[in-house]
Each structure stands twice: as C-alpha cells, then as structure tokens.
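FYI, it's all coordinate maths here, none of it is from the lab. All of these numbers come straight from a predicted model, not from anything done at the bench.
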C-alpha cells in the first residue's frame with residue numbers, strides 16, 4: 001500500500017510539472033489569416049507535426065511582415081505557425 005501511495009504521489013508531481021510547463025499561445029487572427037493566404041512550397045518532414053515540435057533548421061521558416069513574433073511554413077501539406085527563433089510549432093492552422 002505504501003508503494004502504491006508513493007507511486008501515485010510521484011505521478012501527480014510529474015504530471016503537475018508537465019502541465020505547468022505547457023504555455024498556451026494565442027495567435028492573433030491577422031497572423032492566421034496572413035498564413036492561410038500565402039502560397040509557399042511545402043516541406044517534407046518525417047516526424048509527427050504537433051504543437052511543440054521543434055522543426056529542423058533545414059526547413060525554411062517564412063516571416064510575417066506585420067508581426068515578427070511569428071513565422072510559418074507548410075509541412076506535409078499542413079500550414080503551421082512557428083516561433084521563428086526556436087522553430088517550435090505554435091499552432092497547426094486548420
């Protein structure tokens with residue numbers, strides 16, 4: 001019973017830490033609109049593209065002239081908004 005209690009507390013601690021590190025980024029509507037209107041060639045990426053994925057530096061990140069806090073690209077036919085400094089996916093545009 002004691003081992004089960006310790007395991008449960010440890011699981012809560014790890015989960016709480018992971019949740020605390022997840023930041024919610026709200027992308028401005030005009031950034032999303034700009035990204036959907038652009039025609040850029042798609043890049044191929046072998047991994048799963050999910051929010052938080054850090055894209056390799058070999059993938060071109062396009063700038064958004066009105067807002068340098070965001071970049072974008074098209075990966076495997078999916079438009080994604082990324083942090084241009086870290087190349088982490090912020091949002092998958094659907």
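The mean sequence separation of alpha-carbon pairs under 8 Å and at least six residues apart, normalised by the residue count of the range 25-93, gives a relative contact order of 34 percent. Can you work out D for the range 25-93 in µm² s⁻¹ from Stokes-Einstein, where Rh is the Kirkwood radius over C-alpha pairs, the temperature is 10 °C and the viscosity is 1.306 mPa s? Taking Rh from Cα pairs, D becomes 135 µm²/s.
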